[in-house]
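Before any comments, here is the structure.
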Amino acid sequence: MAVDEKTAPRRGAQQDRIDRRSRNRNWRRHHVQVARESWNRLFATPLPTLITLAVLAIALALPGFLLTGLKNVQQLSEGWDHEPRISLYLSPALDDAAADRFSRELLLRDDLAAVDMISREQGLLEFRELSRFGNIVDLLDENPLPAVITVQPLDRSLAALPVLKAKLQALDEVDEASLDLEWLQRLGAFVQLIKRAVLVLGLLLALAVLLVVGNTIRLSIESRRDEIIVAKLVGGTDAWVRRPFLYSGAWYGLLGAALAWCLIQFSLLTLKEPVNELARLYLNDFEPTGLGWSGSLILLLTSLLLGWLGAWLAVGHHLREIEPS
């Protein structure tokens, strides 16, 4: 008698087919479960976790704080006038009439774009208004301030400015010449130096974060050695075993960045009052800023990546040494 294949009972081993949608759903569910378990494991040992996070926060806060200070210095320098000018301090023997004739002669030069003169009397008035030593000047028999002529060169290249300054310095009427751009150039060189120092310090501290997270994950692997061996015996893959440690490293990085952000904001809040007082004395429109949204996001993502990378390196190295015998 023929047996219908559709109604005949199946015997032997069978393999159930799981569609792609179910596989993806299980994969996401497992990731959420592992992330939650890794989070809970961190706070199962609060004191060691807090110590590790404190070390990570300090390592991350130092370059973050320096970058914030550098950002404020750049903001401050951008608000200043970058037009190069040469200030000519005339000989005290010249009166205002002679200084005015000399300024008119400078207007005839073909290497100057503009000439502005500050007479001796005008300079004395400005000195009294802007300084606190106006009463001392009144005690003198005559005005000690020389006339000052400010010139703007046509050629603003860095190579031509010192040459023009030397030519104007050699004139008989000029007692001293000062290039106003020199201090701004020094500030720019100082900012570039700080940028390079922050980069080097950031790389060193990033390496420190990798080592701290890697050592912490290594201790966690050693404490769960038996669990890893059992998981491999029942068919657990390296990716499945590695996953909870990667989430632990990511949590360390994220929480360390959050704590570092709090340290940076607290430091800025502590320095806000003296910085504002200094800004009011020199630049009324300057307002110091913090990390901002972009800086905070970069800090969080960088720390998260460093924590994940440190855990991945530690797990990849130590997981190969743990094999069931």
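The values are calculated or read from the model by the stated rules, or taken from the named source; none is laboratory data. Only a predicted model underlies this, so the values are computations on that prediction, with no experimental measurement involved. Cβ sites come from the backbone with ideal geometry, for glycine too, and all protein chains shown count toward neighbours.
A few points about this structure:
- Scanning segment 184-197 turns up no residue that is crowded, with 18+ Cβ neighbours inside 10 Å and in contact (Cβ under 8 Å) with a residue 12 or more places away in the chain.
- One residue alone among Ala35, Ala44 is of a type in the set (Gly, Ala, Ser), farther than 30 Å from Asn276 by Cβ and outside any helix (DSSP H, G or I), and that residue is Ala44.
- Restricting Leu53, Leu70, Leu66 to residues that are touching a helix residue (DSSP H, G or I) at 6+ places or on another chain (Cβ under 9 Å), modelled with pLDDT of 85 or more, assigned by TED's automatic domain parsing to the domain that holds Arg196 and farther than 30 Å from Leu107 by Cα narrows the list to Leu53.
- Residue in segment 225-248 that is of a type in the set (Gly, Ala, Ser), crowded, with 18+ Cβ neighbours inside 10 Å and in contact (Cβ under 8 Å) with a residue 12 or more places away in the chain present: yes
- Number of residues in segment 287-301 that are modelled with pLDDT under 90 and surrounded by 15 or more Cβ atoms within 10 Å (Cβ to Cβ): the value is 7.
- Selection count where residues are hydrophobic (A, V, I, L, M, F, W, C), within 13 Å of the chain's Cα centre (by Cα) and at pLDDT 80 or above, scope segment 168-207: 7
- Residues of segment 207-238 satisfying the condition of being in a loop (DSSP other than H, G, I, E, B) and either closer than 15 Å to Leu53 by Cβ or among the hydroxyl-bearing types (Ser, Thr, Tyr) (or both): Thr237
- No other residue among Val200, Val209 is within 17 Å of Leu67 (Cβ to Cβ), assigned by TED's automatic domain parsing to the domain that holds Ser296 and surrounded by 17 or more Cβ atoms within 10 Å (Cβ to Cβ) apart from Val209.
- Taking every residue in segment 93-113 that is in contact (Cβ under 8 Å) with a residue 12 or more places away in the chain and pairing it with any residue that is in a helix (DSSP H, G or I) and not acidic (Asp, Glu), at least 6 positions away or on another chain, the pairs with Cβ-Cβ distances below 7 Å are Asp96/Arg120; Asp111/Leu164; Leu112/Leu106.
- Residue check, Leu60 within 17 Å of Phe266 (Cα to Cα) and either hydroxyl-bearing (Ser, Thr, Tyr) or at pLDDT 85 or above (or both): yes
- Lone unmet requirement of (1) surrounded by 14 or more Cβ atoms within 10 Å (Cβ to Cβ); (2) at pLDDT 80 or above for Pro84: (2)
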